[in-house]
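Input: a single structure, listed below in structure tokens.
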Amino acid sequence: MGDNRRVNTKSVSEPSSLTSALLERVKEAIGASDGWLPFDRFMALALYEPGLGYYANTLPKFGHLPQGEDGQGSDFVTAPELSPVFGHTLARQVAEALTSTGTDEVWEFGAGSGALALQVLDALVALGHPLRRYTIVDLSGSLRARQEITLAAHAATVRWVGALPDALSGVVLGNEVLDAMPVQLLTRVGGQWFERGVAVNDDGGLQWADLATALRPPVEIEGPQDYLTEIHPQAEAFVRTLAERLERGAAFFIDYGFPEAEYFHPQRHMGTLICHRAHQTDHQPLVDLGLKDITAHVNFTGVALAAQDAGMEVLGYTSQGRFLINCGLIDVAREAGPRENAMMQKLLNEHEMGELFKVLAFAPTGCAAGWAPMGFVAGDRTHRL
């Protein structure tokens, strides 16, 4: 993340009413917190504040093309939007997991446009493995409206809930969910650790503000250099809660990230926090509030440990490319045309999504004794977590 401690949100030319309203909401929160707001609380407001946050407003987000002057377009593309082959291949793993765990429901967290749900549902029907129910857990009312349209053909199977129930069984899917959970920022300056938060500057805009802290990254950062990174208590708490409530089944999370040793490498001194807007990236989360996505890479070691602490066993961990090949992507895409094959390569290639994105799976201990999920039969990297 770049050093934008002096960025002023008033520098945005003709800020929208949405951005202005969200800025005022953030400033209220800062005022109520004695002038300093931890970054995770700022990120939660910027992404999820009802009606205003990036995922809570009605602006388009997912797709292939950037936004144009007519307001149509998108900010980024996810694997299901790239190619239906992604969901059709994942459905093979879902079908195997349903059978191996003796369950008949899929739970998807953060279903986005609904593209993945549609692909999985269509493929499960084609595989002769129709579901009793497909439950989507999504806090965004605007996204739910889009999902309902996309999934109209499966209306009898799909339902929406706004919160995690006290108990659930089934196969859990989370594609690019963990990266959107608020993170805390830690920075080491001159050998001293600080938590980085947000304050209001003299011009009424936002600026970075650091407070001394006892918080530390989970591993020692070698070297004397200044260092900026993230820790992920909310994502780990979410996984821990899910693990505690998953009575039977399995969970598969697909996201960009690294194991702990790579995440906190001494050379990764600027962290992984990044913003997405109109298919461009920047490192300035304090401007254009509500108009851009804010994400951080996933520490998969932390996620795996959180699951294990709650009684889960890790079923596998590998790259997205290896996972999809293991699940039969080549067979699924055998009849694909040139364009579809080009999109498929983006899912697989190491310099595209194939290596940066990883797949982590876990299940209640003893739930499916002896089951080795097909997605990890070759290239499993669990030993590297």
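The lysine pair tally for the chain, using Cα distances under 27 Å and a gap of 8 or more places or different chains, is 11. In the context of the full protein assembly, THR58 retains an accessible surface of approximately 120 Å², using a probe radius of 1.4 Å and ignoring ligands and nucleic acids.
Compute the relative contact order of the chain as a whole-number percentage, counting only Cα pairs closer than 8 Å that sit 6 or more residues apart in sequence. The value is 21 percent. Computed with every protein chain present, the accessible area of PHE86 is close to 0 Å² [probe 1.4 Å]. For region 349-358, the Karplus equation 6.51 cos²θ - 1.76 cosθ + 1.60, evaluated at θ = phi - 60°, returns couplings of 5, 4, 8, 10, 8, x, 9, 4, 7, 10 Hz by residue, with Gly and Pro reported as x. Spatial offset of region 251-275 relative to region 92-132 amounts to 28 Å, using the alpha carbon center of each. Comparing mean-square fluctuations of VAL171, VAL200, VAL106 from a GNM of the chain with C-alpha springs under 10 Å, the top value falls on VAL200.
With a 1.4 Å probe and all protein chains in place, put TRP107, TRP371 in order of accessible area, largest first. All intermediate terms of the calculation are to be shown ahead of the outcome.
Working: TRP107 10, TRP371 40 Å².
The ordering from most to least exposed comes out as TRP371, TRP107.
Could you report region 201-264's accessible area per residue, 1.4 Å probe, as an integer in Å²? Walk me through the intermediate numbers first.
Working: 2760 Å² over 64 residues.
It amounts to 43 Å² per residue over region 201-264.
Between GLY302, GLY141, GLY223, the residue with the greatest mean-square fluctuation in the GNM of the chain (Cα pairs under 10 Å linked by springs) is GLY223. Taken one residue at a time, the phi angles of region 272-281 give Karplus couplings (6.51, -1.76, 1.60, θ = phi - 60°) of 10, 4, 8, 10, 10, 7, 6, 6, 10, 10 Hz. Gly and Pro are set to x.
Entry note, region 259-332: relative contact order of 26 percent, from Cα contacts under 8 Å with a spacing of 6+ residues.
Structure remark: mean-square fluctuation, Gaussian network model of the chain, C-alpha springs under 10 Å; the largest value among GLY31, GLY321, GLY354 belongs to GLY31.
For the chain, adding -39500 (n - 2.57) for each run of n ≥ 4 DSSP H residues and dividing by the number of residues yields -9000 deg cm²/dmol at 222 nm. Which helices pass in the chain if a helix is a full DSSP H run, must span at least 20 angstrom along its long axis by Cα, and must have mean Kyte-Doolittle hydropathy not below 0.0? Helices meeting the criterion: 17-32, 84-101.
Kindly report the accessible area of region 138-191 per residue (heavy atoms of protein chains, probe 1.4 Å, no ligands, DNA or RNA), in Å².
Working: 2170 Å² over 54 residues.
Using a 1.4 Å probe on heavy atoms only, each residue of region 138-191 averages 40 Å².
When the residues GLU148, GLU108, GLU28, GLU355 are ordered by accessible surface, computed with a 1.4 Å probe over the protein chains alone, the sequence from largest down reads GLU28, GLU148, GLU355, GLU108.
Leaving ligands, DNA and RNA out of it, report the carbon-plus-sulfur percent of the accessible area of the chain at a 1.4 Å probe. Of all accessible area on the chain, carbon and sulfur atoms account for 51 percent. Of the residues HIS279, HIS297, HIS351, the one with the largest accessible area comes first in the ranking HIS351, HIS279, HIS297, computed with a 1.4 Å probe on protein heavy atoms.
The values are calculated or read from the model by the stated rules, or taken from the named source; none is laboratory data. Nothing here was measured: the structure is a model prediction, and the numbers come from that model. The area values use the complete protein model at the heavy-atom level, side chains included, leaving out ligands, DNA and RNA. Shrake-Rupley method; radii C 1.70, N 1.55, O 1.52, S 1.80 Å.
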